[in-house]
Amino acid sequence: MLAFDKGVEIGILTLSLGFVFLLSALLTGLLVALSQFSNLGFDKDGGIQKFHVKPTSRLGGVSINLSMLLAFGYLFIVKRHIGLSAFFLIPRTKGNDLDLSLMWILVASLPVFIGGLIEDLTHKVTPKKRLIMATMSALLMIRLTGVGVERTDVLPIDWLLGFSLGFYGITLFVVAGFTNACNIIDGFHGLASSQIMLMAFFLSIMSCLVQQYELALFGALIIVSTAGFFVWNWPWGKIFLGDCGAYVLGFWVVSLGLMLVHQSKEISPFAPIVVGIYPLTETLFSMYRRSLLRGGSVDEADALHLHSLIFRRMIKQSKKLRVLNSNVQNACVSAYFALSTGVVGVLSCFFYSSTPILVVFLISYIFSYWHLFRRLTQFKSVFR
């Protein structure tokens, strides 16, 4: 094995991450160019949740997934055979197979990626079938890595986790549920992708704080591979994540959160929950609204997501914003949610080990969400 100065290794790592970003941006740009000659993978012509201007390719997740797989495979091989420890920031030690577990996470994400890709190409895969594919990916993750929901700091749930059936059931529910949640928030330019990058960023920060540097690098790879897509998606919406992108990114992020809690007892299980609180709240509230309030199906599409209401009743009604290009108005939604996620993310990093404080943040966010939703649906001013 070759020996390198630590500063040189970190420099190589930085260049490698930059290369992953460029690779993702190049592949996404290629898909944008190809969309000028073919409508393969284009979104539907209409729909209650459609707010963009013209038909657009939904294959952005293809470039993200491909760049992530190529980059991770390259870094994995380099670490194993050349010995550049800084590619994962710590030397490989005997019995340290965390990087192998992270590789298995990419393998486990293939079912949900394939299910989402078929939907993007054909529009014939129902939400229930996609949820089944997400559950298959969650099951693969458990079997390949042995990682799942192991503790929650909530006694009744932790008691259930002591049984195999409880462990599998709760883990499948959490992983498949969050994976689906990230697809639910994918409705405006840069919304889902910016949320993914922010969540991966704060989870990476927590990983560094507890010296789990391989997990931090996994988060960094999620960020740069998504950023290459983001520059084409925001603000002009030249290409979308599609189901294959939103689902697989959600799966990677929830897997990163579970791995972090598994690797470090210092991390409260509520820390990743607070970081991902926006898609979780959106999903649970949508289920409540559709099934209990309206008596319909939980997978029935509607235009009452908070991001839809903010677009129609805050941005479109603003005297300053309604004069902007429609694409720019669309992109303003992601900026609003990036700010709120940034606030809870910073707080989570400061109090990553304190479950009581994190629960307070959780409750506060849910109340704020409910208050804003209520005022928007009642056509009242948000600031009163």
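The values are calculated or read from the model by the stated rules, or taken from the named source; none is laboratory data. The model shown is predicted, which means the values in this text are computed figures rather than measured ones. When we count neighbours, we look across all protein chains shown, and the Cβ atoms used for this are built from the backbone with ideal geometry, even at glycine.
Computed quantities for the displayed model
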item: Selection status of residue 162, small (Gly, Ala, Ser) and closer than 24 Å to residue 359 by Cβ; result: yes
item: Members of the stretch 315-342 found to be outside any loop (DSSP other than H, G, I, E, B) and either farther than 18 Å from residue 190 by Cα or touching a Gly at 6+ places or on another chain (Cβ under 7 Å) (or both), listed by number; result: 327, 330, 331, 334
item: Residue 225 vs. criteria touching a Gly at 6+ places or on another chain (Cβ under 8 Å) and either modelled with pLDDT of 95 or more or hydrophobic (A, V, I, L, M, F, W, C) (or both); result: no
item: Failed item in (1) assigned to a loop (DSSP other than H, G, I, E, B); (2) surrounded by 16 or more Cβ atoms within 10 Å (Cβ to Cβ); (3) at pLDDT 90 or above, with residue 304 passing the rest; result: (3)
item: Condition met for residue 337 (modelled with pLDDT of 90 or more, hydrophobic (A, V, I, L, M, F, W, C), surrounded by 15 or more Cβ atoms within 10 Å (Cβ to Cβ) and within 20 Å of residue 234 (Cβ to Cβ)); result: yes
item: The lone exception for residue 125 - which of (1) at pLDDT 95 or above; (2) touching a helix residue (DSSP H, G or I) at 6+ places or on another chain (Cβ under 8 Å) it fails; result: (1)
item: Residue ranges of helices (runs of 4 or more DSSP H) in the stretch 1-115 with at least 2 members of a type in the set (Ser, Thr, Tyr), modelled with pLDDT of 70 or more and crowded, with 21+ Cβ neighbours inside 10 Å; result: 6-34, 60-81
item: Restricting the stretch 230-266 to residues that are assigned to a helix (DSSP H, G or I) and among the hydroxyl-bearing types (Ser, Thr, Tyr), the residue that is nearest to residue 123 (Cα to Cα); result: 247
item: Residues (surrounded by 18 or more Cβ atoms within 10 Å (Cβ to Cβ), part of a helix (DSSP H, G or I) and not charged (D, E, K, R)) located in the stretch 116-135; result: 116, 117, 131, 133, 134, 135
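Conditions tested, residue by residue: (1) touching a helix residue (DSSP H, G or I) at 6+ places or on another chain (Cβ under 9 Å); (2) assigned to a helix (DSSP H, G or I).
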| residue | (1), (2) |
| --- | --- |
| 138 | yes, yes |
| 143 | yes, yes |
| 148 | yes, no |
| 152 | yes, no |
| 156 | no, yes |
